[in-house]
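The values are calculated or read from the model by the stated rules, or taken from the named source; none is laboratory data. From a predicted model like this one, the values you see are computed outputs, not experimental measurements. Don't worry about glycine lacking a Cβ; one is built from the backbone with ideal geometry, like all the others, and counts go over all protein chains shown. Keep in mind that these areas ignore ligands, DNA and RNA; they rest on the heavy atoms of the full protein, side chains included. Shrake-Rupley method; radii C 1.70, N 1.55, O 1.52, S 1.80 Å.
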Amino acid sequence: MARLAVNIDHVATVRQARGIDEPDPVLAAGIAELAGADCIICHLREDRRHINDRDLALLRQTVKTKLNLEMAAVDEMIEIARNTGPELSTLVPEKREELTTEGGLDVKANPDQYGKVVERLRDKGIKVSFFIDPDPEQIEIAHKIGGEIVEIHTGHYSEARNESEAEERFVRIAKAVEIASGLGLSVSAGHGLNYVNVKRFKALPMIEEYSIGHSIIARAVLVGLDRAVREMIALVKDY
Ligand code: PXP
């Protein structure tokens, strides 16, 4: 049975749109856990555009399952991770101008540097997950430099414009999962997965965990709207 890790960044995105203190991603994490989520993910970005340092500190105090800190492999974040102590850190490439993480990490470009990052995190008992494209070479290097987990980037699959493109990209993911699993890595998958395109993944039982954010928060807005409106009507109807 695969596990679900819920990314709560978008709750903070809504909060930041108003610059006030709600909705609170820390409360959202608690609700996700009560609903059965196996892990809470937050991405602390260099520009703090959604999750901020206060959120991370409170999440560390309140998350009872596992906390996965998604982050760029830069000194500032490595030190924050070492001081905070999430169960795992997912290393992602980060560009200031991007709307969301765009591609997998290029571990091949600098294996020594990433190997040192693994050591600095593992030294504090933090497991390292590499977010990488379904590319056998990247997977092998991630394994060689000490990564324990690879999260296979499913974003390109989720952006396929037709069925044959989706199938072709899914097959690429399936091969990558097989290679990663064969090397003894724990395998996760995520990015762009939603209530429709995730169904195909039933064919890949070697994927242990799914990291999903946008589609869950987007659905929460819609399935929760009916109740939210009714509650406000109940308040104003006798005015
Ligand atoms: N995995 C990683 C590494 C990500 O960067 C993201 C987006 O923050 C996700 C999973 C979740 O993607 P989505 O929000 O599209 O479900």
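Pairs linking a residue in the stretch 36-50 that is at positive phi to a residue that is part of a loop (DSSP other than H, G, I, E, B) and not hydroxyl-bearing (Ser, Thr, Tyr), with Cβ atoms under 8 Å and 6 or more positions apart or on different chains, do not occur. Being under 22 Å from Thr100 (Cα atoms), modelled with pLDDT of 95 or more, hydrophobic (A, V, I, L, M, F, W, C) and more than 15 Å from the ligand (Cβ to nearest atom) is a description that applies to Val26. With respect to the conditions (1) open to solvent by 10 Å² or more (accessible area, probe 1.4 Å); (2) in contact with a Gly (Cβ under 9 Å, 6 or more places away or on another chain), Leu91 falls short on a single one, namely (1). Of all residues in the stretch 79-94, those being over 15 Å from the mean Cα position of the chain (by Cα) and more than 13 Å from Gly125 (Cα to Cα) number 2. Count of the stretch 85-112 residues, restricted to those that are over 20 Å from Ile149 (Cα atoms) and modelled with pLDDT of 95 or more, is 0.
In this structure, does Leu105 turn out to be aliphatic (A, V, I, L, M), in a loop (DSSP other than H, G, I, E, B) and crowded, with 18+ Cβ neighbours inside 10 Å? For Leu105, the condition - aliphatic (A, V, I, L, M), in a loop (DSSP other than H, G, I, E, B) and crowded, with 18+ Cβ neighbours inside 10 Å - is met. Put simply, of Ala72, Ala17, Ala57, Ala109 the only residue that is within 22 Å of Ala142 (Cα to Cα), hydrophobic (A, V, I, L, M, F, W, C) and away from the ligand (no atom under 15 Å from the Cβ) is Ala109. Here Glu159, Glu137 are screened, and the one residue that is within 15 Å of the ligand (Cβ to nearest atom) and farther than 23 Å from Met71 by Cβ is Glu159. When restricted to residues that are assigned to a helix (DSSP H, G or I) and open to solvent by 10 Å² or more (accessible area, probe 1.4 Å), the stretch 54-84 contains 13. Right, Glu119: open to solvent by 20 Å² or more (accessible area, probe 1.4 Å), under 30 Å from Thr62 (Cβ atoms), at pLDDT 95 or above and in contact with a strand residue (DSSP E or B) (Cβ under 9 Å, 6 or more places away or on another chain) or not? Spelling it out, it is not the case that Glu119 is open to solvent by 20 Å² or more (accessible area, probe 1.4 Å), under 30 Å from Thr62 (Cβ atoms), at pLDDT 95 or above and in contact with a strand residue (DSSP E or B) (Cβ under 9 Å, 6 or more places away or on another chain).
Among the residues of the stretch 1-53, which ones are open to solvent by less than 30 Å² (accessible area, probe 1.4 Å), in a loop (DSSP other than H, G, I, E, B) and under 18 Å from Ala81 (Cβ atoms)? Residues satisfying the conditions are Ile8, Leu44, Arg45, His50, Ile51. Condition check: more than 12 Å from the ligand (Cβ to nearest atom), of a type in the set (Gly, Ala, Ser), closer than 29 Å to Gln138 by Cβ and modelled with pLDDT of 95 or more. Does Ala2 satisfy that? Yes; evaluated as a whole, the condition is true for this residue.
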